[in-house]
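Below is one structure; the comments refer to it alone.
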Amino acid sequence: MISKYIFGHPFDTEAVVEAVEIKSGCPETGTFDFSDGFCFTCPLEKEDRVYGLGGANRGINKRGYVYESDCSDNPNHHEDVRSLYAAHNFILLTGSRLVGLFFDYPSFMRFDIGYTRQDMLQVTCKEANLNLYVIEGDSPLDIIRQFRHSIGRSYIPPKFAFGFGQSRWGYKTREDFRTVVKKHREHHVPLDMVYMDIDYMQDYMDFTVNEENFPDFAGFVQEMKDEGVRMIPIIDAGVKIKEGYSVYEEGVEKGYFCQKEDGELFSAAVWPGYTHFPDVLNKEARAWFGDHYRFLVDQGIEGFWNDMNEPSIFYSEEGMKEAMELVAQIEEKGQENVPFFQMMGKLQSLSNSHEDYARFYHNVDGAMIRHDKVHNLFGYNMTRAAGEAFARMVPGKRFLLFSRSSYIGMHRYGGIWTGDNKSWWSHILLNLKMLPSLNMCGFLYVGADLGGFGCDTTRDLVLRWLALGVFTPLMRNHSALGTREQEFYQFEDPQDFAHVIGVRYRLIPYLYTAYMKAALTDDMMFKPLAFVYPEDEMAVRIEDQLMLGDECMIAPVYTQNADGRVVYLPERMMFVKFLPDGSLYTEIMEKGLHYVEVALNEVPLFIRENCCIPLADAAETVETLDTKHLSTVGFDGASFTVYDDDGFGMEYEDPGHYTTIK
Ligand code: GLC
């Protein structure tokens, strides 16, 4: 049962789309204090665990730290970072009580989950203007299902988006892209997508293509399609300020960019230099921005990634002016008296500063709303702009779309990737831990930059990370300019990569089915073991294994120089290893702790008792995957119902999409 409590005058985030019963007063879940904004407190008993917060940092069980919903472009996902790119304010308490809470508030919010006091959960925000949804149910999954139902069906990508994608910030010319594709085809490494980072644009201007590097862009997109590969360009939030650039000129003329209090346009420097932000919270501006995707859609593009949409600000005109003034003052005083820390502090705080977020406004149905009060909705609405536009442009067709920043509600329009991680072993584990939290909040099409975005990677790290990535809906190797190149062909023994990525394709019938099931029944594709084995003391504490679909458990290796790992089996399972010669190693293992050996070029998977999963034969693109002739692996006598469709349409409920195999 879901109840809605309205405090003050909430901004309508449109996160919840189903009608929910409104209750007056305060729920009994905790105590409320409105003396200084909004403060919700509830005691935490020793056995309580707290789940949720989607794209937040750290563990699956969120207890023991403090998290902030404050969408931020922070490429340093250290353990102490309190806010990353997303604001997903849904938490679930289990243990002495069972309740789900969604704090629908679009600005800065703090979740102190046993940090200040181990026995206290406290959720605070500055203004007591929010909707609180309290969800009761029989089990964590029951609560999550109800919550997910209330926020609307999760985005469903086209089937090709379940293939493998190669990306790198730095690919510039047609030749660069052709090389990527050629290498994959030469070594029989499957490939469905190549991502185009900012360099495909002219001077980083959205909805332009560098004509020198791509004289016939549509022709090039088709050439790649003929190779079975789709090009997926990036779109950034900021629109470059440049005379003669039609998107900029139109936006200014129509008043579709965010303004300051005095009516001047707000200017923020990002990759293209100074830009204006499209006012995606304004319906007309959102439609206008979305319509621009047509420029690329008309040239054959079927997928996009939306970036820098926290929105990221390197510096603003105002911030830079203040910094320059400070430097001028310092210069006057002479070098002996440099207030070093003050100067460094000012320069370091130029980016993504809260002061800047308070300098501009959105026009929401005629009301001017200061950005910081709705900050966490920007990425959501930028992606919504695209999603709504695709539905107008090509009704009934699925597009690939994912975003860096998000709020709950955006899960209806696209997926997300988890931003600028690093080539660190700990980030494989962070990637795994985020998956169930994201699913709880509606985000099913998710994935991390496999191999790590920042820092120099290593061959073993890429392989181990890919062996987790074979299970994540978005499977993409992406890295930053200036770091060690990490396409498979940069390393020895390319056949190892061909094998690991190949396993993904053999699993697509299973993964696609698990995804569709999760999307169509408001279920999670990845669950913590705690949700499936709540009575098992050991299982509820596991943070480095996940349940996948209804039939599998995954337990990737995430430490260097390991030849395997310890895994806990909460029930009898079949241990399956995809061996490099294409065969399978299988062993039935009893409930309990085991050490399993997994070589760098193997992919481990566990199948639950009395279950089986379908396997396809190897293929190099999703399109050429033979989904009609499947084999199975698992327990004798088990059957599995496979979902399949044409990969683009939206008639998901058609019973013809389901086939049961034994
Ligand atoms: C941001 C994105 C990253 C991209 C880079 C350049 O850092 O998160 O994925 O490569 O910008 O566009």
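Out of all the residues in region 214-236, is one or more charged (D, E, K, R), within 26 Å of E355 (Cβ to Cβ), touching a residue at least 40 places away in the same chain (Cβ under 8 Å) and surrounded by 21 or more Cβ atoms within 10 Å (Cβ to Cβ)? Yes. In region 163-183, the residues that are assigned to a helix (DSSP H, G or I) form Cβ pairs under 8 Å with partners that are within 16 Å of the ligand (Cβ to nearest atom) and of a type in the set (A, V, I, L, M, F, W, C), at six or more places apart or across chains, as follows: F177/V194; F177/M196; F177/M231; V180/V194; V181/V194.
Within region 639-655, the set of residues being outside any loop (DSSP other than H, G, I, E, B), more than 26 Å from G303 (Cβ to Cβ) and either at pLDDT 95 or above or of a type in the set (A, V, I, L, M) (or both) comprises F640, T641. Take Y155 and decide whether it is buried (at least 22 other Cβ atoms within 10 Å of the Cβ) and either in contact with a strand residue (DSSP E or B) (Cβ under 9 Å, 6 or more places away or on another chain) or part of a helix (DSSP H, G or I) (or both). Considered against the rule, which asks whether it is buried (at least 22 other Cβ atoms within 10 Å of the Cβ) and either in contact with a strand residue (DSSP E or B) (Cβ under 9 Å, 6 or more places away or on another chain) or part of a helix (DSSP H, G or I) (or both), Y155 comes out as yes. Within the bounds of region 419-431, is there any residue that is buried (at least 24 other Cβ atoms within 10 Å of the Cβ), in contact with a Phe, Trp or Tyr (Cβ under 6 Å, 6 or more places away or on another chain) and within 27 Å of P106 (Cβ to Cβ)? Yes, the conditions are met somewhere in region 419-431. Screening V327 with (1) among the aliphatic types (A, V, I, L, M); (2) more than 18 Å from P157 (Cα to Cα); (3) modelled with pLDDT of 95 or more gives one miss only, at (3).
Residues in region 64-90 that are within 16 Å of the ligand (Cβ to nearest atom), buried (at least 18 other Cβ atoms within 10 Å of the Cβ) and without any contact (Cβ under 8 Å) to a residue 60 or more places away in the chain: S83 only. Listed by position, the strands (runs of 3 or more DSSP E) contained in region 42-129 that have at least 2 residues being modelled with pLDDT under 95 and not polar (S, T, N, Q) form an empty set. Return the residue satisfying two criteria in turn: it lies in region 237-266 and is touching a strand residue (DSSP E or B) at 6+ places or on another chain (Cβ under 7 Å) and small (G, A, S), and of such residues it is surrounded by the fewest Cβ atoms within 10 Å (Cβ to Cβ). By that ranking, first place goes to G251.
The one condition from (1) under 29 Å from E492 (Cα atoms); (2) surrounded by 23 or more Cβ atoms within 10 Å (Cβ to Cβ); (3) within 15 Å of the ligand (Cβ to nearest atom) that W169 does not meet is (2). Taking first residues from region 381-408 that are at positive phi and touching a residue at least 40 places away in the same chain (Cβ under 8 Å) and partners that are in a loop (DSSP other than H, G, I, E, B) and not aromatic (F, W, Y), the Cβ contacts under 6 Å between residues at least 6 apart in sequence or on separate chains come to G396/M650. The number of residues in region 432-449 being under 21 Å from K517 (Cβ atoms) and within 14 Å of the ligand (Cβ to nearest atom) comes to 1.
Residues are listed down the side, and each one gets a yes or a no for (1) small (G, A, S); (2) within 24 Å of Y51 (Cα to Cα); (3) without any contact (Cβ under 8 Å) to a residue 40 or more places away in the chain; (4) surrounded by fewer than 18 Cβ atoms within 10 Å (Cβ to Cβ):
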| position | (1), (2), (3), (4) |
| --- | --- |
| Y505 | no, no, no, no |
| A518 | yes, yes, no, no |
| M525 | no, yes, no, no |
| P528 | no, yes, no, no |
| E535 | no, yes, yes, yes |
| A539 | yes, yes, yes, no |
| E543 | no, yes, no, yes |
| C552 | no, yes, no, no |
| D563 | no, no, yes, yes |
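The residue of region 308-321 that is nearest to the ligand (Cβ to nearest atom), among those that are of a type in the set (A, V, I, L, M, F, W, C) and in contact with a Gly (Cβ under 9 Å, 6 or more places away or on another chain), is M308. In region 440-472, the qualifying residues are those that are buried (at least 24 other Cβ atoms within 10 Å of the Cβ) and among the polar types (S, T, N, Q), and the one that is nearest to the chain's Cα centre (by Cα) is T472.
Within region 473-496, the only residue that satisfies the criterion of being more than 16 Å from the ligand (Cβ to nearest atom), within 24 Å of the chain's Cα centre (by Cα) and either surrounded by fewer than 20 Cβ atoms within 10 Å (Cβ to Cβ) or in a helix (DSSP H, G or I) (or both) is F488. Only one of the numbered conditions (1) part of a helix (DSSP H, G or I); (2) within 16 Å of the ligand (Cβ to nearest atom) is violated by L429, and that is (2). Residues of region 450-472 that are touching a residue at least 40 places away in the same chain (Cβ under 8 Å) and either within 15 Å of the ligand (Cβ to nearest atom) or assigned to a loop (DSSP other than H, G, I, E, B) (or both): F453, G454, T458, V470, F471, T472. Selection of region 381-397 for residues being over 26 Å from R168 (Cβ atoms) and either within 15 Å of the ligand (Cβ to nearest atom) or part of a loop (DSSP other than H, G, I, E, B) (or both) yields V394, P395, G396, K397.
The values are calculated or read from the model by the stated rules, or taken from the named source; none is laboratory data. Quantities reported herein were computed from a predicted structural model and do not represent experimental measurements. So basically every Cβ, Gly included, is an ideal-geometry build from the backbone, and we count neighbours across all protein chains shown.
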